[in-house]
Amino acid sequence: MKRIYIKEEVCIACHLCEVHCQLAHSPSNDLIKTFRQKSPPLPRLRIEEKRPVSFSLRCRHCDEPACAYACLTGAIQKDPVTGTVTVDEEKCGGCWTCMLACPLGAMQQDTEHGRMVKCDLCSGQDMHACVVNCPNEALVFVDSGI
């Protein structure tokens, strides 16, 4: 399965991956309109800055996803073909148990809408917005070798 990895040694913590993730999940597809919305979409990843190292914290689409096992409503599922772990935002009840179960801290609380969001590998798009728009090529999409 292909996964997104971070080359920590070249990440400069510019946060452009977060910005482009928000843009990719916005209905407008326009940078200015996205951030002028009353409530722009949450980024599905976040940058942790622990100088001298910075890194992108995101869902790793685990082989055994603890978040899916902990989900009380069945909103979190792992696709058996692609290996992608997704959240059905309509089913999500916002109980936050998946957030407690995730060993990576990759789940994001969307408290305004009462649901969880996480990296969906830019479902329905050719390439991942964070990878394509990383100016230092710190994010790469490669085969995990598993």
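The values are calculated or read from the model by the stated rules, or taken from the named source; none is laboratory data. Everything quoted here is computed from the prediction, not taken from an experiment. Methodologically, a virtual Cβ is constructed for each residue, glycine included, from the backbone with ideal geometry; neighbour enumeration extends over all protein chains shown. Accessible surface areas use protein heavy atoms only, side chains included; no ligands, DNA or RNA. Shrake-Rupley method; radii C 1.70, N 1.55, O 1.52, S 1.80 Å.
I need the full set of residues from the stretch 115-146 which are touching a Lys or Arg at 6+ places or on another chain (Cβ under 9 Å), more than 20 Å from ALA70 (Cβ to Cβ) and assigned to a loop (DSSP other than H, G, I, E, B), in order please. Across the stretch 115-146, the qualifying residues are LEU121, CYS122, ASN136, GLU137, ALA138, SER144, ILE146.
Annotation note: of GLU64, GLU48, GLU90, the sole residue that is acidic (Asp, Glu) and open to solvent by less than 60 Å² (accessible area, probe 1.4 Å) is GLU48. Residues in the stretch 80-99 that are closer than 20 Å to TYR5 by Cα and either aromatic (Phe, Trp, Tyr) or touching a strand residue (DSSP E or B) at 6+ places or on another chain (Cβ under 8 Å) (or both): THR84, VAL85, THR86.
The set of residues in the stretch 15-43 that are under 15 Å from CYS134 (Cα atoms) and either in contact with a Gly (Cβ under 7 Å, 6 or more places away or on another chain) or open to solvent by less than 60 Å² (accessible area, probe 1.4 Å) (or both) comprises HIS15, CYS17, GLU18, VAL19, HIS20, CYS21, GLN22, LEU23, ALA24, PRO43.
Hey, can you tell me all the residues within the stretch 110-142 that are of a type in the set (S, T, N, Q) and under 12 Å from the mean Cα position of the chain (by Cα)? Residue satisfying the conditions is SER123 alone. Consider the stretch 100-114 and keep the residues that are touching a helix residue (DSSP H, G or I) at 6+ places or on another chain (Cβ under 7 Å) and surrounded by 19 or more Cβ atoms within 10 Å (Cβ to Cβ). The one that is nearest to CYS67 (Cα to Cα) is CYS102. Every listed requirement among (1) in contact with a helix residue (DSSP H, G or I) (Cβ under 6 Å, 6 or more places away or on another chain); (2) open to solvent by 50 Å² or more (accessible area, probe 1.4 Å); (3) hydrophobic (A, V, I, L, M, F, W, C) is met by ILE12 save one, (1).
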